[in-house]
Amino acid sequence: MRFYLPGICGYGLSFQLDGFRVVFVTLAVLAWTMALVASIEYMKHDRHPGRYYFFTFVTLFATLGVFLSADFFTALIFFEIMSFTSYTWVAQTEKEAALRAADTYLAVAVIGGLAILMGLFLLYHMYGTLDFEELGRLTQSTKPTAMRYAAGVCILIGFGAKAGVFPLHIWLPKAHPVAPAPASALLSGMLTKCGIFGAIILAARLFAGDQAWGTLILVLGACTMFLGALLAVFAMDLKRTLACSSVSQIGFITVGVGMCDLLFGEHALAAHGTILHMINHSLIKLVLFLAAGEVYMNTHELDLNKIRGFGRKKPYLAGCFLAGALAIGGIPLFSGYISKTLLHESILEYGGGGWIKFLEIVFIFSGGLTIAYMTKLFVTVFIEKNTDAALQERYDANRKYMKPFTAAAIGIPAAGLLLWGWMPRRLMDMVADFGSGFFALAENGEAVHYFNGENLLGAVYSIVIGALVYLFFIRGVLMKKNDAGAKVLVNRWPDWLDLENTVYRPLLLRFLPCMFGFLCRILDSLIDMAVVLLRKTIYRDTPLPRYYSEGNAFTRALGKVLNLWRDLANRTWRRSHPVEKDYVHLLAVKSDEIAQSNVIITRSISFGLFLFGVGFCLMLFYVIAGDLHF
């Protein structure tokens, strides 16, 4: 089903409804509903709740517009609206850290939007359309050109930045900790999927079956998958850990997008795994961020050492958080296991040389790191006691820590995660089949035996790796004894590995302005030097036979006559009142004034004639080109 609104923004807006879009529109409405219900309690004491709710609804409108778009122009319009309205979420508290994170978020959004726009200019120049389906037909039978790759890279930069793909992931770890928890759930769970939506369009329409493009996406996905998990292991902040986790899970999804291109024609496993992990990640982050919001509302802290032990006697919150943790860790019987199994199976189906085997190792190891950092969070918040005994007593005594409607907002998606994992055939496979047409699948492929020995073994490998990382690295390296003899987490991540502060900000705010300023000064000096050189050589000034300081021959002759008359008068009838005027100088000044006036008048006429000539030529060109007859 397609719907077109002509004349809007010149090009018109085009929308389409299919299985994939129905799934993610429904998911977006569910996520916004749960987040808004949780916001009632979370935003109760905020200074600007009206602003928050207004932009939350506008962002929902823009997000639905992205998912329903049928061409790149419509997607860009709503994508930019979504970027600017969600900026207010990050800056909501108006604190210094929030405003700095909002600046980063806005910079990434603006640069990404400009990159997409440049890519769209190139696409329209090549094919004369931005419609997804038409682009798919036009590019299906032709080999990719350098210009198509250039357009694809520009568009990928914009959508990849919103998705949080490496190396443009820098906004996620900074934005999520400062944004309200319900907004963080939507930023992580839904807005990143708008970026993935663009990446899927490129893979399934513009570069369907292109091995080079698939390899590029696969490499970016592998880097994002591993780096995000590594950052989450080192993180000391509850919401920052979840934000870095989102980076990693986006990497898993991006790997699936890359495998769709490499396996094109037989990419059912990759397509199904991509769809399901997108859904799973949205539900998981909805649960985890809303749970983190409850922790923050009651403690006003996010530091893991300070919130340690808060959830020890809170079984409902612990159960919901555990459901999300087990799902994102890919533990069997939970939804994340199904989607990760499909993605892993797609890697095994492709086979290939050593680099695919290396990718499989990175995939399993990243899954192990996921289990390690989620274990760190769960043990710290829900099992261990706080090092401050009095604080732990206050935590344990706080039984009315959550409103019933907030509990429902967390519990409903948590129950969905359990239901998904327990009935993968009846629910998950059905949804994956329903939305897989978006990936240009000819058929849905054979059913996967999710719980056979090979697939369970992959999950076991990740569990073992996660246990080893947690026991030996997190508890051994990332923890030390404080003055009271209790073990606390310490920040071991080097400051110089912060890409934003060590690369992007110095590059954009210092190095590039300094470099271009230096180049401009050199170019300016070169022009001056060239002018001097030309005047000394080719256009050397001709020396005059005699130099006169003022006027011309006529003014000098007349001035001398008048000076003689002045001298005669001063000796006779004007002896008592002599005249001191130099008529040579006065006539020279008057002559210069007249000459300057003539030059101004002449130039004005010349300029007018020039404009008339240009306009006349343009009129002739228009008449000839338009084949007009008078």
When the range 1-120 is reduced to its Cα atoms, the Kirkwood hydrodynamic radius in Å:
15.8 Å
1.4 Å probe accessible area per residue over the range 51-128, in Å²
40 Å²
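Say R0 is 60 Å: what FRET efficiency, to the nearest 0.05, do Arg2 and Ala97 get from their beta-carbon distance? Mind dumping the intermediate values first?
On the way: r = 45 Å, r/R0 = 0.74.
Once rounded, the FRET efficiency stands at 0.85.
Only helices at least 30 Å long along their axis, Cα-based, and averaging 0.5 or more on Kyte-Doolittle count here, so list those DSSP H runs from the chain. Could the numbers behind the result be given before it?
Working: long enough: 19-42 (35 Å, 1.62); 96-127 (46 Å, 1.33); 211-234 (35 Å, 1.91); 238-262 (37 Å, 0.96); 268-299 (46 Å, 1.00); 354-378 (36 Å, 1.26); 512-536 (36 Å, 1.35); 583-626 (64 Å, 1.28).
Passing helices, by number: 19-42, 96-127, 211-234, 238-262, 268-299, 354-378, 512-536, 583-626.
Stretched out fully, how many nm does the piece from Met430 to Val29 gain, at 0.36 nm a residue minus the Cα gap? Mind showing how you got there, number by number?
Values: separation 401, 0.36 × 401 = 144.36 nm, distance 2.00 nm.
My answer for the length gained is 142.4 nm.
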Using a 10 Å cut-off on Cβ atoms, rank the peptides 14-23, 252-261, 168-177 from the highest mean neighbour count down.
252-261, 168-177, 14-23
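If I take R0 = 22 Å and measure r between the Cβ atoms of Phe472 and Ile356 in this structure, what FRET efficiency does the formula 1/(1 + (r/R0)^6) give, to the nearest 0.05?
Numbers: r = 29 Å, r/R0 = 1.31.
It comes to 0.15.
With a 1.4 Å probe and every protein chain left in place, work out the accessible area per residue of the range 260-380 in Å², rounded to a whole number. Working shown, then result.
Values: 3170 Å² over 121 residues.
About 26 Å² of surface per residue is accessible.
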Expressed as a whole-number percentage, the relative contact order of the chain with C-alpha contacts under 8 angstrom and at least six residues apart is 12 percent
What accessible area, in Å² to the nearest ten, does a 1.4 Å probe give for Ser525?
60 Å²
Give the distance, in whole Å, between the Cα centre of the range 194-236 and the Cα centre of the range 363-434.
26 Å
Using 7 Å Cα-to-Cβ label points, what is the Thr129/His449 separation (nm, one decimal)?
4.5 nm
Gln211/Phe61 FRET efficiency (R0 45 Å; Cβ-Cβ; nearest 0.05)
0.70
Could you sort the peptides 343-349, 136-142, 275-281 by per-residue average Cβ neighbour count (10 Å cutoff), highest mean leading?
275-281, 343-349, 136-142
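Go through Lys174/Lys481; Lys306/Lys481; Lys95/Lys385; Lys306/Lys480 and tell me which ones have a Cα-Cα distance over 24 Å in this structure.
Where the Cα-Cα span goes over 24 Å, the pairs concerned are Lys174/Lys481; Lys95/Lys385.
Output the peptides 234-240, 423-429 sorted from most to least packed, where packing is the average of other Cβ atoms within 10 Å over each peptide's residues. Mind dumping the intermediate values first?
Numbers: 234-240: 22.1, 423-429: 16.3.
Put in order of decreasing packing, that is 234-240, 423-429.
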Quickly work out the Leu418-to-Leu114 label distance, labels modelled 7 Å from Cα along the C-beta direction, and quote it in nm with one decimal.
5.0 nm
Which label belongs to the value computed from this structure, given these candidates for Cα extents along the principal axes in Å: (i) 127, 72, 49; (ii) 94, 71, 49; (iii) 155, 84, 51?
(i)
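How many percent of the accessible area of the chain is carbon or sulfur, using a 1.4 Å probe? Write out the running numbers ahead of the final one.
Details: 20770 of 30490 Å².
Roughly 68 percent of what the probe reaches on the chain is carbon or sulfur.
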Rel. contact order, % - alpha carbon contacts under 8 angstrom, at least six apart, the range 88-152:
25 percent
How high is the relative contact order of the range 44-164, given as a whole-number percent (alpha carbon pairs under 8 Å, six or more residues apart)?
25 percent
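Give me the number: length gained by fully extending Asp18 to Ala484, i.e. 0.36 nm times residue separation minus the C-alpha to C-alpha distance, one decimal in nm.
161.7 nm
Grab the DSSP H runs of the chain that are 4 residues or longer, score each as -39,500 (n - 2.57), total them, divide by all residues and round the 222 nm result to the nearest 500 deg cm²/dmol. Mind showing how you got there, number by number?
Details: 22 runs with 421 residues, N = 630.
Dividing the helical sum by the residues of the chain leaves -23000 deg cm²/dmol.
The values are calculated or read from the model by the stated rules, or taken from the named source; none is laboratory data. From a predicted model like this one, the values you see are computed outputs, not experimental measurements. In this analysis, Cβ positions are derived from the backbone assuming ideal geometry, glycine residues included, and neighbour counts consider all displayed protein chains. Only protein heavy atoms, including side chains, enter the accessible area calculation; ligands, DNA and RNA are left aside. Shrake-Rupley method; radii C 1.70, N 1.55, O 1.52, S 1.80 Å.
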